[in-house]
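*Asks:* First the structure, then my questions, so here it is.
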Amino acid sequence: MPRSFLCVWLIVSAGRVLIAAEPQVNNIYVNARLCESCHADASRAYRRTGMGRSLYRPAAANRVEKQAGKNDYVHIPSGTHYAMASRDGVYYQRRWTIGFGGDAANVEESRIDYIIGSGNHSRSYLHRTERGTLIELPLSWYAEKGGSMAMSPGFDSLHPPTRRLVSYECMFCHNGYPQVPVGHDAPGSEPVFAGDLPEGIDCQRCHGPGGRHVEAAQTAGADRAAVRAAIVNPSRLTPKLRMDICLQCHLESTSTALPALVRRFSRGPYSFTPGERLSDFLLAFDHAPGSQRDEKFEIVGSSEYRLRKSRCFLESNEAMTCDTCHNPHRTPTREEAPGYYAGVCRGCHAAAFNTRVAKGSHPGGVDCVACHMPKRRTEDVVHVVMTDHRIQRRPPAGDLLAELAERHPKESKEYRGVVVPYLPPTIPATGPDALYRAFAQVAMGNNLKAGIADFARLMMWQQPREPEWHIQLGDARLANGEPAKAVASYEAALRLRPQMPRALQALAKGSRAAGQLPRSLDLLRRATEASPSDAGAWYQLAMAQADLARNNDAIQTFRRAIALDPDLPGVHVMLARAHFAAGQMDDAAAALSDALRIDPYESTAWDLAGRVLTTKRAYPAAFFNFEQAIRYRPEFAPHIYDYALALSTASEFDRAETRARNAIRADPRMAEPHVLLGGLLVRRSQIDAAAAEYSEAVRLRPASARTRLEFASVLVAQGKMPQAAEQLRVAAKSDDAEAARIAASALQRLGQR
């Protein structure tokens, strides 16, 4: 699927697994500006905090990029150029690469509609599409070292994302409460935002919906106690419930590939209300103890997750909360901060501090935080330095500010092991929450094999009525290489809700994996009928049509998907492939131009562009495209082979041989490079070496009659007539009618039957 949230209802982003549902409506959210009429001082002070400045529109007054000295930026790994620009009060981020001939290519300029992040540590830029989705742009600004531009978190790679959508869950923690169009809060929906977005996390994030409170305050003769009772005042909650208000956004055990947060199926993305237990809204999970991840230091986890490891917190019996140290309505200035926080520390440790200072065993300074909560570079957002909220007697060893490279671990390096509960810290072996615990094992493949068995067992016992459980079990089974069992799970989901678009798409995916292509096609037709505006469903339908070689149908369906969502990743490449298969090279080239404008790092697009140019004998440009394909996907044998074949077509035989050998090294199991190399060796009159290559190709692909014909020709040149005749006999029985005819004719010439 082109987007993760279209593939599955499970939304995976930055280590979070968030499952959407209909929001609970017990009160209404209001424009937070209404709060200022009665709470002017607190509101003004709060709007100067980082939370109050978490999202806003770009303007000359809030521009900070000029502090970086220059706003153009070259990203060396991907070979991409970026620049910030403004025209007529509108701000843009421009991206381009260097094309064949040295000119700017694949140019894309995106309007900056919102800035996310206060700028205390960083700020990133969001573009709003015509459909109302938000895309995070690749270049961000970081406050460290006086301010500089660098790649957004997760973008510093050979293949930076170009269409990373901002989910509802991301907006939940970085802004107020947006308008969600009707139907778009349903499972699997694209995150679409209607109307103007609120600017900044507002009062209601901590105080709950303000509708009843405003109504009570505006009622003539309203009782003061009734007005206060109509809104949540965190100071009147228990310490644990106060902490839960902060944890709703500041809790994340990890941003790596692990289901750190799983929202309950019955809860919508904006349904948490201050005053309730956070565990009634979501469950949190973590790496198993002793897995060498106990001391991870990540940007979100730098606060709550690290604090909860502190002796101060543990010995307080959870009486210590965030507001023990932090006033949510006001942030002390840089000059005030050391003394302010030292005063908080001495509220508990004054006697011990004074005694040790008197004995000379402790310095008498006023900055407790600098030693006991030092600043450290975060492991996941490597251009940001944060305060480590794990309060320790002595700071960790080593250079805590040393620069780090962004992590992009291979699949084999991801955590594989038990996923353990974090909040709540224990989950019973039976009951509804046990199902969530089993789901967490398989959601991102961390404990897949063992987790599937437990998940399936609990599903059998509990028989949940929500289709999503069955879809998630099906996805786990499919990931585990069990397509037949996955199909059974998807069918169970569809029985519960026969016209559920996501269940139809899931069953189509499973059927395709099980080799049931006609059934997959029928299911996807039903999915497009059930949800005709779902671009992803049309895309999958086109893929199914292409699988069945219905290229003309696929072309029309791909175009339907593009009309619904022109930014859909991958669809332009697949459209180009369908045109290529139909011999429509100009149309294929046009589709590839769109594909590379959207994603200039898509190796498949570069490779196919090279093949198109090869058919037009535009060899230098074709070679440039193949080299780009290999750059963005090194050691991928099919791309290397295509380049070798183009070189051979252009009579660049020495270079073709080198590339063919490279393709074999990249994937010795691929037959085509052996065939090509065999032909090139024949040209050199290296018959024995050529025979070895053809022999290996036949072993790898015994059904290829044409390869057997070529092998037979080489065997004849070696004087090995019986062996040649054997290859021809097999080829003569092939379903390839032309190859069979040639083989039969050759057998007659050899006097063989």
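*Asks:* Taking R0 as 25 Å, what FRET efficiency do you get between Met721 and Phe653 from their Cβ-Cβ distance, rounded to the nearest 0.05? Numbers along the way, then the final one.
*Replies:* On the way: r = 29 Å, r/R0 = 1.16.
It comes out at approximately 0.30.
*Asks:* For the range 410-472, what relative contact order do you get, as a whole percent, if you take Cα pairs closer than 8 Å and at least 6 residues apart?
*Replies:* Working: 41 pairs, mean separation 19.2, N = 63.
Relative contact order for the range 410-472 comes out at 31 percent.
*Asks:* log₁₀ I(q)/I(0) of the range 295-439 at q = 0.09, 0.13, 0.16, 0.19 Å⁻¹, via Debye over equal Cα point scatterers, no solvent, to two decimals?
*Replies:* So the normalised log intensities work out to -0.40, -0.77, -1.04, -1.28.
*Asks:* Can you give me the angle between helix 705-717 and the longest principal axis of the chain, using Cα atoms only, in degrees from 0 to 90, rounded to the nearest 10?
*Replies:* 50 degrees
*Asks:* Taking 0.36 nm per intervening residue step and subtracting the Cα-Cα distance, what contour gain separates Val74 from Thr387 on full extension?
*Replies:* Numbers: separation 313, 0.36 × 313 = 112.68 nm, distance 2.99 nm.
Full extension from Val74 to Thr387 adds 109.7 nm.
*Asks:* What whole number of Å gives the distance from the Cα centroid of the range 479-537 to the Cα centroid of the range 418-445?
*Replies:* Their Cα centres are 27 Å away from one another.
*Asks:* Just the number, please: Stokes-Einstein D of the chain in µm²/s, Kirkwood Rh from C-alpha pairs, 4 °C, 1.567 mPa s.
*Replies:* On the way: Rh = 29.7 Å.
D = 44 µm²/s.
*Asks:* To check my understanding: the extent here is largest minus smallest coordinate of the Cα atoms along each principal axis. What are those three numbers for the range 118-222, in Å, largest first?
*Replies:* For the range 118-222, the Cα extents along the three principal axes come out at 63, 38, 20 Å.
*Asks:* For the range 167-208, just the Cα set please: Rg and Dmax, both in angstrom.
*Replies:* 10.7, 29
*Asks:* Using a cut-off of 12 Å between beta-carbons, work out the net charge of the residues near Glu468 (Lys and Arg +1, Asp and Glu -1, Glu468 not included). Walk me through the numbers on the way to the answer.
*Replies:* Values: positive: Arg263, Arg264, Arg465, Arg497, Arg502; negative: Glu466, Asp475.
Residues close to Glu468 contribute a combined charge of +3.
*Asks:* Moving on. Would you give the gap between the C-alpha center of the range 208-230 and the C-alpha center of the range 365-391, rounded to a whole Å?
*Replies:* What the calculation gives is 41 Å, centre to centre.
*Asks:* Starting from the Cα-Cα distance between Asp294 and Ala549, subtract it from 0.36 nm times their residue separation and give me the gain in nm to one decimal.
*Replies:* Numbers: separation 255, 0.36 × 255 = 91.80 nm, distance 5.14 nm.
The span from Asp294 to Ala549 would gain 86.7 nm if fully extended.
*Asks:* With each pseudo-label sitting 7 Å past Cα toward Cβ, what's the Arg416-Leu158 distance in nm, one decimal?
*Replies:* Going from the Arg416 label point to the Leu158 one covers 2.2 nm.
*Asks:* From the cross-link list Lys145/Lys309; Lys240/Lys375; Lys309/Lys410; Lys145/Lys375; Lys145/Lys410, which pairs have alpha carbons spaced over 23 Å apart? Don't skip to the end; give the middle numbers.
*Replies:* Values: Lys145/Lys309 30 Å; Lys240/Lys375 27 Å; Lys309/Lys410 29 Å; Lys145/Lys375 14 Å; Lys145/Lys410 31 Å.
Violating the 23 Å Cα-Cα cut-off are Lys145/Lys309; Lys240/Lys375; Lys309/Lys410; Lys145/Lys410.
*Asks:* Using only the alpha-carbon atoms, what does the range 40-202 span along each of its principal axes? Please give whole angstrom values in decreasing order.
*Replies:* Cα extents, longest axis first: 57, 39, 31 Å.
*Asks:* With a cut-off of 17 Å, note down the residues of the range 333-362 whose backbone N falls inside the zone around a label point 7 Å from the Cα of Asp41 toward its beta carbon.
*Replies:* none
Any read-out appearing in this document is the output of simple, stated calculations on the displayed coordinates, not a laboratory observation. Remember, it's a predicted structure, so these values are computed and weren't measured experimentally. So basically every Cβ, Gly included, is an ideal-geometry build from the backbone, and we count neighbours across all protein chains shown.
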